[in-house]
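Have a look at the structure below, then the notes.
The values are calculated or read from the model by the stated rules, or taken from the named source; none is laboratory data. Computed from a prediction, not measured in an experiment: that's the story for all the values here. Glycine also receives a Cβ, built like all others from the backbone with ideal geometry; neighbour counts cover every protein chain displayed. Accessible surface areas use protein heavy atoms only, side chains included; no ligands, DNA or RNA. Shrake-Rupley method; radii C 1.70, N 1.55, O 1.52, S 1.80 Å.
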Amino acid sequence: MTHPNPYTDPTARRAFLDREARLRQLPSIDRDLVRLGEMPDLDRWLEQIRATGGCAEPVYLTGHSTTLDAATGEVLRHFTTATEPGGRLAVRCRNRRASRCPSCSREHSGDTFHLVRSGLIGGKGVPDTVRKHPRLFVTLTAPSFGPVHRAGDCHRARRRRCEHGGRHGCGRTHPDTDPLIGQPLCGNCYHYPGHILWNAMAPALWKAFRDNLYHHVATGAGVGRSEVRTLVRVSATKVAEYQKRGAVHFHAVIRLDGPDGPASPPPAWATADLLLETVHSAASAVALPCPYSAAYGGGRLSFGTQLDAHPITNGNGGRLTDDAVAAYVAKYTSKSAETAGAVDRRITSLAEIRALHVTPHVRALIATAWRLGGLPELQHLRLRTWAHMLGYRGHCLTKTYAYSTTYGQLRADRAEHARTLAGARDLYTDWDSETTTETAWRFAGTGHTPGEALIAAGIAEGLAANRQTAREELARADQNWEPR
């Protein structure tokens, strides 16, 4: 059916103009939904968004990928975005923050769970004998930079006041949801430069702790410091978490392996009790010089006195099981400085800091990082770049090489599984033969229009509801199962 041309047909032109006038009266999101509904390839666009899991900030690519038989040059598989909606392909943003993309954050947390768990029970290329190696779950905290309100019974109220007129205590009981938790009793007494510099130096403190741990293991076992690394290997992974006051602390899984990594058993003297003792002594001994500046002085940086270390059990009734630890670590990879009331985007100016909708404490932390970042002696810390992270510039999760698998390998395995489910393998192709792949991809934009964002959020919510229903059905089936 041929529609009249509005450029030549007066009736069609009037109908077109009336329609445009009605559309202009609609909110922008409704106009965008109308546009999407008229897309000729809407179904294919929806398939792309479902494939990204309803990603909130997808990355769009243009280009092609061709897989060839290396021996004959025969084209085995070819894909091009020329026939895709808008000539582009949507892929996940892979942002780990739940505040930016809940869908990709959930996938990243799932990958973290399997990465940590495989280092505890084996799998993903790690032998299951690691279950028998000494393993600890350790929490390393930051020192005090001044008294802050805390959950439960806060600091006991006192008549004496500080030099700024603030009281030395609180005297109240704060519920866990009280916004006062983590706020300083006196902002003028709080050591903001020390707080920011500790966050900035936290990755270096973690490295010093790991190196120091070898020395303390050698002392505890009665072997030489140069010899201990040929007898035992410390494998570890850690995740950074922000406390309510905005200070970073680390949750870590520490495992003792033999000299060849997880495939080799540790020496008989490398016990869980030895590891527990040396973790405490090594952490308390770590101290690094603070970068000196006339603006705040010098000093030394160390871990806080609150250190928790507990053996990990194999699910036999102990306090911490393998799955519980893996789930605990995975939970924190979806969070960042926003859990302390900060922001999840970079700061570009001091005026932007003044306009932020944050607490006075967080504003002071961000402003301190910005001011310290302008000092020549602290340029190497890049504090202005990481002011939104309250000075912390390390990765959310790190691990030693031999601890377990990698994020890259987990993503590659998932992509291969998805291709298999989609029937990407050609039954008439000899996949044992060597292949070569030629690709050419270009960046073509990011994000959704208002209508697209609404649809993507609905898809993500639907997938989450399906997963929840599946979990409930599995749990119900497990409860009703009876052995024959």
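Here are the numbers for the structure shown:
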| quantity | calculated |
| --- | --- |
| Alpha-carbon centroid distance for the pair the range 112-172 / the range 57-75, whole angstrom | 47 Å |
| Check: the chain dipole with +1 on Lys, Arg Cβ and -1 on Asp, Glu Cβ, in debye | 2380 debye |
| Percent RCO, i.e. relative contact order, over the range 238-389, from Cα pairs under 8 Å lying at least 6 residues apart | 20 percent |
| Across LYS124/LYS244; LYS207/LYS335; LYS238/LYS335, pairs whose alpha-carbon gap is larger than 25 Å | LYS124/LYS244 |
| Signed unit charges on C-beta, dipole axis of the range 311-408, positive-most listed residue THR368, GLY394, TYR407 | THR368 |
| Aspartates and glutamates whose Cα lies under 15 Å from that of LYS331, excluding same-chain neighbours fewer than 8 positions away | GLU107, ASP111, GLU241, ASP322, ASP323 |
| Most to least packed among 191-197, 106-112 [average Cβ atoms within 10 Å] | 191-197, 106-112 |
| Amide H contacts under 5 Å for ARG100, placed H, 5+ residues apart | none |
| Along each principal axis, Cα extent of the chain, largest first, Å | 88, 64, 57 |
| For THR219, solvent-accessible area (1.4 Å; no DNA, RNA or ligand), Å² | 100 Å² |
| Cysteines, the chain, no other Cys beta-carbon under 4.7 Å | CYS55, CYS93, CYS162, CYS290, CYS396 |
| Peptide ranges 91-97, 27-33 listed from the most packed, as the mean C-beta count within 10 angstrom indicates | 91-97, 27-33 |
| Separation of the LEU350 and ALA71 label points, Cα + 7 Å toward Cβ, nm | 7.0 nm |
| Exposed chymotrypsin sites (Phe, Trp or Tyr not before Pro) absent - longest run of the chain, DSSP non-H/G/I/E/B, at most 10 other C-beta within 10 Å | 8-400 |
| Positive-end extreme of charge dipole, the range 62-149 - chosen from GLY123, SER109, THR62 (charges on Cβ) | SER109 |
| From the C-alpha gyration tensor of the range 334-477, square roots of 5λ in Å | 41, 24, 19 |
| The range 172-260 - accessible surface per residue (Å², probe 1.4 Å) | 37 Å² |
| Average Cα contact separation per residue, the range 1-81, under 8 Å, 6 or more apart, as relative contact order % | 13 percent |
| Carbon + sulfur, % of accessible area of the chain - ligands and nucleic acids excluded, 1.4 Å | 53 percent |
| Theoretical FRET efficiency, 1/(1+(r/R0)^6), r = Cβ-Cβ of LEU23 and LEU61, R0 35 Å, to 0.05 | 0.70 |
| Contact order normalised by residue count of the chain, Cα under 8 Å, 6+ apart, percent | 23 percent |
| Coil-residue trypsin sites (Lys or Arg not before Pro) of the range 162-227, DSSP, other Cβ within 10 Å capped at 13 | ARG172 |
| Magnitude of the charge dipole, the range 316-428, Cβ model with Lys/Arg +1 and Asp/Glu -1, debye to 20 | 340 debye |
